[in-house]
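The values are calculated or read from the model by the stated rules, or taken from the named source; none is laboratory data. Just so you know, these numbers come straight off a predicted model, no measurement behind them. We place every Cβ from the backbone using ideal geometry, glycine too, and count neighbours over all the protein chains shown. Note: areas computed on protein heavy atoms with side chains; ligands, DNA, RNA excluded. Shrake-Rupley method; radii C 1.70, N 1.55, O 1.52, S 1.80 Å.
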Amino acid sequence: MLSYPSGMTVSSRALHVLSDALRAHRNQRRTRWRKLTPGRQALLVIAHLRKGETYADLACGFGVGTSTVYRYLREAIRLLAAMAPTLEQAIEVAIGKAFVILDGTLLRIDRVGMAGGYDRAFYSGKHKAHGLNVQVIADPIGRLVWISPPLPGARHDMGAAREHGIIDALDQHQIRAAADTAYQGAGPTVAVPQRRRRKDPDTGRYRRLSRAQKEVNAAHARRRGPGERANAELKNWKVLRKIRSSPNRADELIAAVQTLVIANA
């Protein structure tokens, strides 16, 4: 098998965060020798998460066995997941912002069992695909603040946000948020676009929005737009474009990527 040098659009800060965590973990366990240094192991892990490199390709490029690649990845992902912020920590960050942007996104997954209709909970009718629903909180310029643990893809954004406690936390701390129409009724602190009014009894059609309402919606869309940047950055980590692990282990993978995204900002 051939190997070649390549590059990644990831800051050295993310590499140093993971390298330091691996070095501390090895010292705690009193590991005497490893095939790769903490820095090389960190590079291997980031290459897998960012570029979706396979175990075989990584094994060839780093001169180790595929089983070693698997062990290195599992070890680092657990460490990164443990470093991910909690909702309480994210709320502390959000309190210092003028407002936050709340949005849900679907992370596609192909490791869902089909027997007994188990896959139905993971099928999103909106996206016509199986996946996991995650709630994303971003700051006004689109930097990631928090990613929720995943829920089955069929779950509605509003229900998912309530289950994670996001809506209650925003209301309790009076944090203003911008969101789309999926969060209608989330409370006074969550601003959503104007919706079309009820049907006209004479024509049977929905009444059009007034010019002022359309201008309000346009301003709201500009305010909420940077939140899409956080979703796009999340999916720049190719391992999340289509998750190939079990849904039961996806939460650890998503939390690990979250730690690197925040470090990479």
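Share of carbon and sulfur in the accessible area of the chain stands at 50%, probe radius 1.4 Å. Just check segment 1-48 against the gyration tensor rule for me: Cα atoms, a ≥ b ≥ c as the square roots of the eigenvalues, rounded for a/c under 1.5, and otherwise prolate or oblate depending on whether a/b exceeds b/c. It comes out oblate by the Cα gyration axes. With 10 Å bins beginning at zero, the pair-distance distribution over Cα atoms of segment 68-164 amounts to 15, 35, 33, 16, 2 %. Here the simple spin-label model places points 7 Å from the Cα toward Cβ, and for ARG13 and ARG34 these points are separated by 2.3 nm.
Here segment 61-115 is treated with +1 on each Lys and Arg Cβ and -1 on each Asp and Glu Cβ, and its dipole about the Cα centre works out to around 260 debye. DSSP assigns beta bridges within the chain; of those with both partners inside it, close to 75 percent run antiparallel. With contacts taken as Cα pairs under 8 Å and at least 6 residues apart, the chain reaches a relative contact order of 24 percent. Of the peptides 209-217, 56-64, 88-96, the ranking by mean beta-carbon count within 10 Å, highest at the top, reads 56-64, 88-96, 209-217. For GLY52, the residues whose modelled amide H falls within less than 5 Å of its own, excluding neighbours fewer than 5 places apart on the same chain, are LYS238, VAL239. Protein heavy-atom accessible surface, 1.4 Å probe, per residue over segment 1-158: 53 Å². Per the Kirkwood treatment, what hydrodynamic radius in Å, one decimal, follows for segment 138-184 from the mean inverse distance over all distinct Cα pairs? Its Kirkwood hydrodynamic radius stands at 11.8 Å.
Volume per residue, Å³, of the convex hull around the alpha-carbon atoms of the chain? Taking only Cα atoms, the chain has a hull volume of 169 Å³ per residue.
Taking a sphere under 11 Å around the Cβ of GLN135 and counting the other residues whose Cβ falls inside, with K and R at +1 and D and E at -1, yields a net charge of -1.
Let me know the shape class of segment 176-265, please: from the alpha-carbon gyration tensor, a ≥ b ≥ c as square roots of the eigenvalues, rounded when a/c is under 1.5, otherwise prolate if a/b is greater than b/c, or oblate. The shape class here is prolate. Taking a ≥ b ≥ c as the square roots of the Cα gyration tensor eigenvalues, segment 1-86 comes out oblate, since a/c reaches at least 1.5 and a/b does not exceed b/c. Estimated purely from DSSP H runs of n ≥ 4, each contributing -39500 (n - 2.57), the mean residue ellipticity at 222 nm for the chain is -14000 deg cm²/dmol once divided by its residues.
Computed 3J(HN,Hα) for segment 213-224, one whole-Hz value per residue from the Karplus formula 6.51 cos²θ - 1.76 cosθ + 1.60 where θ = phi - 60°, is 5, 5, 5, 4, 5, 5, 5, 5, 5, 5, 5, 8, glycine and proline marked x. Only Lys, Arg, Asp and Glu carry charge here, each on its Cβ (+1 for the first two, -1 for the last two); on that basis the chain has a dipole of about 560 debye about its Cα centre.
Taking amide H positions as modeled 1.01 Å from N, with prolines and chain starts lacking one, the residues under 5 Å from HIS130 and 5 or more places away or on another chain are ILE109, SER124. Computed about the Cα centre, the dipole magnitude for segment 140-193 is approximately 120 debye when only Lys and Arg (+1) and Asp and Glu (-1) carry charge, each at its Cβ.
Positive-end ranking of THR189, PRO150, TYR206 along the dipole of segment 143-249, with charges on Cβ about the Cα centre, is headed by TYR206.
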